[in-house]
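Laboratory data are not the source of any read-out in this text; all were calculated from the coordinates shown. Bear in mind that the values here come from a model prediction, so they are computed numbers and not experimental data. Every residue, glycine as well, gets a Cβ built from its backbone with ideal geometry; the counts of neighbours run over all protein chains shown.
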Amino acid sequence: MAGKTFPWTTALVPWADGPQYTRGVHDGLPLLSFGCAPRDKLATYRQLRAMGLRPNGCDPVAVLYGRHNRSGKTWFASLYLIANAAPVRPMTPAKWTALAKANLARRICCTCGKDPLYVVPTSTHQCWKCFEANENEQNGQAA
């Protein structure tokens, strides 16, 4: 590689008073390399969730990028201001009920209609007993 893909530049950024070093611009947002973003001011969506926060409808203020050494692929992640984040909305009883119904639907066997107390595979939609019976039936007919 002859030159750097993202050379260092200085730019005005929303999380600091003066210009800061960035790696240019990506999608109109300042680009920061991995390990250079201020952890006390910026966070990814997953980091906000781990803190019990959400972006609160605010757009990302920067983009974090890194390279995977083995594959050489470049990855990007949006960064949000922690100061603008709000607490995660609590689950309501209606949301808990809807979640329980959705999880129950994933556990019902399509052959026998029973709940085996585990999530059935999406490839067969059958519990283990019905799957084994179906396999034995197919092997018996083929012989």
Using alpha-carbon positions, the gyration tensor of the range 64-124 gives root eigenvalues a ≥ b ≥ c; with a/c under 1.5 called rounded, otherwise prolate if a/b exceeds b/c, else oblate, the class is oblate
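Okay, helix-only estimate at 222 nm for the chain: each DSSP H run of n ≥ 4 adds -39500 (n - 2.57), divide by all residues, round to 500 deg cm²/dmol; what do you get? Let's see the in-between values first.
Details: 3 runs with 36 residues, N = 143.
Taken over the chain, the calculation gives -8000 deg cm²/dmol.
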Taking Cα atoms only, helix 93-107 is inclined relative to the longest principal axis of the chain by an angle, in degrees rounded to 10, of 50
Tilt, helix 128-142 to longest principal axis of the chain (alpha-carbon atoms), in degrees rounded to tens, equals 60
Expected vector for the range 10-27, Karplus 3J(HN,Hα) from phi with 6.51, -1.76, 1.60 and θ = phi - 60°, integer Hz, x for Gly and Pro, equals 9, 8, 7, 10, x, 9, 9, 6, x, x, 10, 6, 10, 9, x, 10, 9, 6
Projecting the Cα atoms of T122, A83, A94 onto the charge dipole of the chain, where Lys and Arg contribute +1 and Asp and Glu -1 at Cβ, the residue farthest towards the positive end is A83
Amide H contacts under 5 Å for A62, restricted to residues at least 5 apart in sequence or on another chain and with H modeled in the peptide plane, are L79
Largest-first semi-axes in Å of the equivalent ellipsoid built from the Cα gyration tensor of the chain are 49, 25, 9
